[in-house]
Every structure is written in C-alpha cells, then in structure tokens.
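Comments concern the structure below.
Laboratory data are not the source of any read-out in this text; all were calculated from the coordinates shown. A quick note: this is a predicted structure, and the numbers were derived from the prediction, not measured. Glycine also receives a Cβ, built like all others from the backbone with ideal geometry; neighbour counts cover every protein chain displayed.
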Amino acid sequence: MKERRVIRDRFKGKVAIVTGGSAGIGRATVEELCKEGAAVSFTGIEDSLGTAVARELTEGGFDVLFCYGDMADEEFCKEVVKRTIAKWGKVNYLVNNAFSFVARGLSATHEDWERTLHVGPIAYAVMTQNVAQHMREAGGGAIVNVSSVSAFIAQPRRWTYNSAKGAVHTLTKCMALDLAHYGIRVNSVSPGWIWTREVDKAAGGDRAKWEPVWGQFHMLERCGEPIECARPILFLLSDDASFITAADLPIDGGYQGLGSEGLGKSSQFAGSD
Ligand SMILES: NC(=O)c1ccc[n+]([C@@H]2O[C@H](COP(=O)([O-])OP(=O)(O)OC[C@H]3O[C@@H](n4cnc5c(N)ncnc54)[C@H](O)[C@@H]3O)[C@@H](O)[C@H]2O)c1
C-alpha cells in the first residue's frame, strides 16, 4: 500500500477496534475502515504478522495500533481498550472477530471447550463490557459480532465451534437489548465459506481443486472473499444501518437458503421457469 486513498468518509474522526485484524476477514475490515477514515486498533495472536500489517498500513498513511495477545486472556482484552483510549481518547466501534478454530465432536476435551468458548463468545462479551462505557461517553456506538452459518446448522465433528457460534448468535440479541438504551447497536454477520488461510489450509493450498467442491454449498457456486465480509460489516457499523440492531446478516452466497436438495438435485426439476 503506497499512498493514502480515502474512498468514502463514513468513519472520518471515528475510532474502531477489530479483534483478529491481522489476517482474513478481520484484516479486510481493518483496511476498509482505514480507507473510510477511521483510526483502528486491531489484535492478533501472531506478533510478526500483526506488526508487519501495522507497518504497511502506517506507511500507507493510515492511523492504526496493533495489539499482540490472546483474546482468551481477559486482562489482554482490557489492555486493548485501555491502549485505544490512551491513543485516541475514545472508541466508537467494535468488531468481535477473532475466534478459535478448534472444531471437535465426540473427541472434544474440556480444554477444547474452554479454548473455543474463551476466545469466542466470552471474549466477545468481555470486549463489549470494556467498550460499553466509552461508547456511552461518545454518545453511542456500534458493535458487530462475527458469527457463522455454523451457528444455525449441524456439521460433522464440530460440537465446539458450532455451539460457540450459536452462543454468539444469542449473545448478540441479549447485548443489543441491554445496550440499545445507550445508543449502542449490536448486530452479527454469518459468513459462509470465505477463502481465508484456514480454508486454504483445509484445501492444502489447492483452491482450483476445492473451490468447485465447496462452492456448491452456496447458491452463488463459489466461496466468498474477505472483502465481501468487510463491506457488509462496515455497513452495519455505519449510520446507514442506524435503525438496525439485534439482527444477523448472512454473508453466505445463499448457503442458508439452499436447503438439503442442494444445487445439483434441484436442476433435475428445472424443466421450465
Ligand atoms: N473463513 C471462513 O470461511 C469463515 C466462515 C464463517 C465464519 N468465519 C469467522 O470469521 C472470523 C475470522 O475468520 P478468518 O477466516 O478471517 O480467520 P484468519 O485465520 O484468516 O484470521 C484470524 C485472525 O484472528 C487472530 N486470532 C486468532 N486467534 C486469536 C486469539 N486467540 N487472540 C487474538 N487474535 C486471534 C489471528 O491472529 C488473525 O489475525 C472468525 O470469527 C471465524 O469463525 C470464518
């Protein structure tokens, strides 16, 4: 990124925190917020990656702060908010995005459950508790929790991940109710398969082979891109969504609408339309 390009200024003068912002959906969200004028704190569990992303954005003229640490650590969550306030004096937006990809079924251990819940819904709650007062002082704010299609469906060997995402879904509504009075909106987004490094790892780096297979889970017959999540997240944060709270926005290319007949079988009946 060589030069500063502000495409729109919906977030000019605003401050955002994005957890898990050094890769994938979080990174795309950080970049889009920066391009639209926000100052952004972001967290990550890989120090060198986050530092490199922060350097690149700073060199591009953007105002960012990278906080290295583990969202499962409540002291770290507090520290992220404290450092953000120390740097910019306020916080207007929060994107709870970092999550544990520990996905286990029958073999799930107590540690697997703890890890998934602590990095996921518990950290989402702790971050929200720590920003709420600052958002109140700023006259309101907006929070987006990154959920998943997995919150709504069964997938093989995924007791931990899917139920943690299910918790995010319900938590979003509870937060929205309790924070509405303070002018703070809380929504979630539920991505389908988005081509980030976890998906790439599962594909063994062979996107050409696996995208046609996994793409079939979606009406649009492909996986999504991180930026296709970032833009709807920005919409929900922005004043364009000023009367939207407690909602879940699917970003799934039609995954949840498809049903078990899927794409292939339904074409048998497509005689005329
Ligand atoms: N990629 C998909 O197909 C998909 C689908 C549905 C939902 N999601 C959700 O989107 C979110 C982002 O996923 P992604 O695919 O972009 O991931 P990613 O692996 O590309 O990036 C994850 C980011 O989170 C950070 N992170 C991970 N664990 C952390 C921890 N314990 N503490 C602090 N930071 C941590 C990483 O450093 C990185 O910056 C997650 O909530 C995930 O469940 C992803």
Rounding to the nearest 20 debye, state how big the charge dipole of segment 107-232 is about its Cα centre with +1 on each Lys and Arg Cβ and -1 on each Asp and Glu Cβ.
-> 120 debye
So how far, in whole Å, is the C-alpha centre of segment 223-250 from the one of segment 174-189?
-> 15 Å
Please report the base-10 log of the normalised intensity I(q)/I(0) for the chain, using a Debye sum with one equal scatterer per alpha carbon and no solvent, at each q in 0.08, 0.09, 0.14, 0.16 (1/Å).
-> -0.32, -0.41, -0.98, -1.26
For the chain, size of Cβ-based charge dipole, Lys and Arg +1, Asp and Glu -1, in debye = 320 debye
Of Tyr93, Tyr182, Tyr255, how do they rank once you tally other Cβ atoms within 10 Å and put the fewest first?
-> Tyr182, Tyr255, Tyr93
Take each of the peptides 233-241, 144-152, average the number of other beta-carbon atoms within 10 Å over its residues, and list them starting from the highest.
-> 144-152, 233-241
In segment 1-131, how many lysine pairs have Cα atoms under 16 Å apart, counting only pairs 8 or more places apart or on different chains?
-> 9
For the residues Glu31, Glu225, what sequence is obtained by ranking on other C-beta atoms within 10 Å, fewest first?
-> Glu225, Glu31
